[in-house]
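Read through the structure below, which is laid out as structure tokens, and then see the notes.
The values are calculated or read from the model by the stated rules, or taken from the named source; none is laboratory data. As the structure is a prediction and not an experimental result, all values here were calculated from the model. Note that we place each Cβ from the backbone using ideal geometry, even for glycine, and neighbour counts take in every protein chain shown. Note: accessible area is taken over every heavy atom of the protein model, side chains too, but ligands, DNA and RNA are not part of it. Shrake-Rupley method; radii C 1.70, N 1.55, O 1.52, S 1.80 Å.
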Amino acid sequence: MNETTVVLVHLMEENWLHARQSEEKRATLAIAVLVIASASQITLAITGFSVKVLPLSLFLILLGIYAIVFCLKLYERQVFHTSRARKLRARLDELYPEAEAEQLLKAVEAEHNGRHPFAHVRLHSLWLWLHALIVVLGLVETVLCLVSIQ
């Protein structure tokens with residue numbers, strides 16, 4: 001391999017690593033949010049709906065909104081690094097057309113999409129829906145707490 005190829009491969013691997021790290025951070029965030037939401041549900045089950053748990057339900061709303069914003073930022077970073085890695089891979093394909101890497105990858109992608117036609121839901125959408133449900137849970141709990149005051 002010549003020096004240019006080594007540099008391109010290294011840069012491509014580095015960008016794939018950064019993209020993976022963004023996804024790992026999103027998973028870690030989701031786990032933390034689920035643990036906190038579960039703890040709040042336990043607290044609510046013990047104390048019931050009252051003014052005392054109103055700050056907890058408001059916190060859940062803020063936590064869900066924060067998680068949505070954080071997820072969107074991590075998705076943006078993942079897309080950025082993935083795009084960079086793909087551009088570098090395309091450049092390698094230009095340098096080594098006999099490898100036919102891009103054609104092979106496109107063929108595998110088409111085959112995969114044919115096998116799994118209903119699996120086109122974007123992963124970041126699933127994370128966002130999870131955090132949106134936490135916001136809705138907080139809103140419902142807030143309303144129930146306010147109704148229990150009267």
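The residues of the stretch 71-100 that are among the hydrophobic types (A, V, I, L, M, F, W, C) and within 22 Å of H18 (Cα to Cα), listed by number, are C71, L72, L74, V79, F80, A85, L88, A90, L92.
For first residues located in the stretch 139-150 and assigned to a helix (DSSP H, G or I), partners that are open to solvent by 60 Å² or more (accessible area, probe 1.4 Å) and lie 6+ apart or on another chain with Cβ distances below 7 Å form the pairs T142/L58; L144/F49; C145/F49; C145/V51; S148/F49; I149/V51. Would you confirm whether or not the stretch 8-23 contains a residue that is among the small types (G, A, S) and buried (at least 16 other Cβ atoms within 10 Å of the Cβ)? Yes, there is a match, as at least one residue in the stretch 8-23 is among the small types (G, A, S) and buried (at least 16 other Cβ atoms within 10 Å of the Cβ). Given the condition surrounded by fewer than 17 Cβ atoms within 10 Å (Cβ to Cβ), under 17 Å from the mean Cα position of the chain (by Cα) and in a helix (DSSP H, G or I), answer yes or no: does some residue in the stretch 39-60 qualify? No, there is no match, as no residue in the stretch 39-60 is surrounded by fewer than 17 Cβ atoms within 10 Å (Cβ to Cβ), under 17 Å from the mean Cα position of the chain (by Cα) and in a helix (DSSP H, G or I). Taking residues in the stretch 1-25 that are within 30 Å of I68 (Cβ to Cβ), and partners anywhere that are among the small types (G, A, S) and part of a helix (DSSP H, G or I), the pairs with Cβ atoms closer than 9 Å and at least 6 places apart or on different chains are E14/A85; N15/S83; N15/A85; W16/A85; H18/A85; A19/A85.
Contact map, the stretch 94-118: residues that are under 21 Å from V9 (Cα atoms) and open to solvent by less than 70 Å² (accessible area, probe 1.4 Å) paired with residues that are hydroxyl-bearing (S, T, Y) and part of a helix (DSSP H, G or I), Cβ distance under 9 Å, separation 6+ or inter-chain. Pairs shown: L95/T4; L95/T5.
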